[in-house]
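Down below is the structure, laid out as structure tokens.
Derivation of every value follows stated rules applied to the coordinates shown; laboratory data play no part. These numbers come from a predicted model, not from an experiment. Counting neighbours? That spans all protein chains shown, and the Cβs are built from the backbone with ideal geometry, glycine included.
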Amino acid sequence: MIKTGIIGATGYAGGELVRILTAHKEAEIKWYGSRSYIDKKYAEVYQNMFQIVDNKCMDDNMDALSREVDVIFTATPQGLCASLVSEEILSRTKIVDLSADFRIKDVKIYEQWYKITHPAPQYIPEAVYGLSEINREAVKKARLTANPGCYPTCSTLCVYPLLKEGLIDPGTVIIDAKSGTSGAGRGAKTDNLFCEVNENIKAYGVAGHRHTPEIEEQLSYAAGEPVVINFTPHLVPMNRGILITAYASLKRETTYEEVKAAYDKYYAFERFVRVLEKDVCPQTKWVEGSNYVDVNFKLDPRTNRIIMMGAMDNLVKGAAGQAVQNMNLMFGLKESEGLELVPMFP
């Protein structure tokens, strides 16, 4: 059994890690880290775990944790994992970091967008960006995996095949994104109160959301040249889910069959990316609670543009599920172990 520890186990992503790992056949949780609830029973924080998890919450002592487990998940705010990691810790255990600390290769860009000084830039070069559909072989060899952000995961998987195949103009990509409120975390914030969110939809982080450089970096790798995008996220009144609608100009006249072949080239054998049937638009309700990403596209000959669409659960494939997927690869397990979750409906 793989011994796992979670720092940040009482946030939404951490809670989802507990839910998934509790049912994982090859892993067990040894450490439920939560600075806010030290010595409190985990099931008192999340009562859905009553009579399932008897453990108490512990602190975020990564050094002590690394001596007890094979892999550490850090579901924490930016800066914490990087402030705790060390060569000694990495020599004893693997880390899957769910924050942005090691996702962006240019430390100056990270510091510019996240407004903090990076505590451990020396580990950025070796960290593997954990989007397994693209970086699977590198993830298998990693000791430090940077779990992608929720918006970047869905955005990249929607657009990647068409940039990789040179079907769209990299300079014309626009991404419109919508997310449920769990994407903002479990902390108490006025903007997330029921009366603020209910019966409302709003754009936020306009022209400045910090997932923008992460998306641009991954799309630049696909295009083989720098890609600069417009990215606008919106908050919608639901618990879970992300919907991406991306737009780009086609480089030339292109048929449905050609675009479909591009998606199939990269995703036909992917367990968790489902390319939908023609004219079927992705919907968040059909992926909720699962590790699936549903993608599709629509050609618009009138404007010579293409609309790329994707839907996923921001807490599963957008966070905890993807982290477990990466863990499975890092330890040579079946990639889908613990993740064969049928989407919930209603």
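Between the Cα long axis of helix 12-22 and the first principal axis of the chain there is an angle of about 70°, rounded to the nearest 10. Seen against the Cα atoms of the chain and their longest principal axis, helix 150-164 is set at about 40 degrees.
Among 212-219, 242-249, how do they line up by average Cβ neighbours within 10 Å per residue, starting with the highest?
Details: 212-219: 23.5, 242-249: 21.9.
Peptide ranking by packing, descending: 212-219, 242-249.
Taking 30 Å as R0, compute the FRET efficiency from the Cβ-Cβ separation of Lys298 and Phe194 and round it to 0.05. Mind showing how you got there, number by number?
Details: r = 35 Å, r/R0 = 1.16.
The value I calculate is 0.30.
So for Thr10, Thr156, fewest C-beta neighbours within 10 Å to most, what's the order? Can you show the working numbers first?
Values: Thr10 21, Thr156 26.
The fewest-first ordering by Cβ neighbours comes to Thr10, Thr156.
Taking amide H as placed 1.01 Å from N in the peptide plane, Lys251 has its amide H under 5 Å from the amide H of Ile168, Asp169, each at least 5 places away in sequence or on another chain. Counting beta carbons within 10 Å around each of Phe331, Phe50, Phe345 and listing the fewest first gives the order Phe345, Phe50, Phe331. Give the lysines reachable from Lys164 as a straight Cα distance under 19 Å; neighbours fewer than 8 places away on the same chain don't count. Answer for Lys164, where 19 Å is the Cα cut-off: Lys251, Lys260, Lys265, Lys298, listed by chain and number. Each peptide in 101-113, 184-196 gets a packing score, the mean of other Cβ atoms within 10 Å over its residues, and the list from highest to lowest is 101-113, 184-196. Across the stretch 197-211, rounded Karplus estimates of 3J(HN,Hα) from the backbone phi angles (6.51 cos²θ - 1.76 cosθ + 1.60, θ = phi - 60°) give 8, 4, 6, 8, 9, 8, 7, 8, x, 5, 6, x, 5, 6, 7 Hz, Gly and Pro being marked x. Lysines within cross-link reach of Lys40: Cα-Cα under 21 Å, excluding same-chain residues under 8 positions apart? Straight-line reach from Lys40, under 21 Å: Lys30, Lys56.
Using only alpha carbons, build the gyration tensor for the stretch 151-314 and give me the equivalent ellipsoid semi-axes, biggest first, whole Å. Display every interim value, and only then the final one.
Working: eigenvalues 151, 62, 39 Å².
Taking √(5λ) for each Cα gyration eigenvalue gives 28, 18, 14 Å.
The string of couplings for the stretch 279-286 from the Karplus curve (6.51, -1.76, 1.60, θ = phi - 60°) is 6, 9, 8, x, 9, 5, 5, 8 Hz, one whole number per residue in order, with x for Gly and Pro. Paramagnetic label reach from Ala261 (point 7 Å along Cα→Cβ; backbone nitrogen cut-off under 17 Å): within the stretch 147-182, residues 161-168. Neighbour counts of other Cβ atoms within 10 Å put Tyr256, Tyr151, Tyr266 in the fewest-to-most order Tyr256, Tyr266, Tyr151. Structure shown: which of Lys278/Lys317; Lys3/Lys189; Lys115/Lys202 lie over 30 Å apart, alpha-carbon to alpha-carbon? Table pairs above 30 Å Cα-Cα are Lys3/Lys189. Out of all DSSP beta bridges in the stretch 151-314, what portion is antiparallel? Express it as a percent rounded to 5. The antiparallel fraction comes to roughly 75 percent. Between Lys285 and Asn55, the modelled labels are 3.7 nm apart [label points 7 Å from Cα along Cα→Cβ]. Cross-link reach is defined here as a Cα-Cα straight distance under 14 Å, omitting same-chain residues fewer than 8 places apart; for Lys140 the aspartates and glutamates meeting it are Glu126, Glu335.
So between Lys108 and Ile174, what do we pick up on full extension, going 0.36 nm a residue minus the alpha carbon distance? Length difference between fully extended and current span is 21.3 nm. Distance between the pseudo-spin-label points of Ile38 and Met1 (7 Å out from Cα toward the beta carbon): 2.7 nm.
Give me the angle, in degrees from 0 to 90, between the Cα long axis of helix 212-223 and the longest principal axis of the Cα atoms of the chain, rounded to the nearest 10. That works out to roughly 60 degrees.
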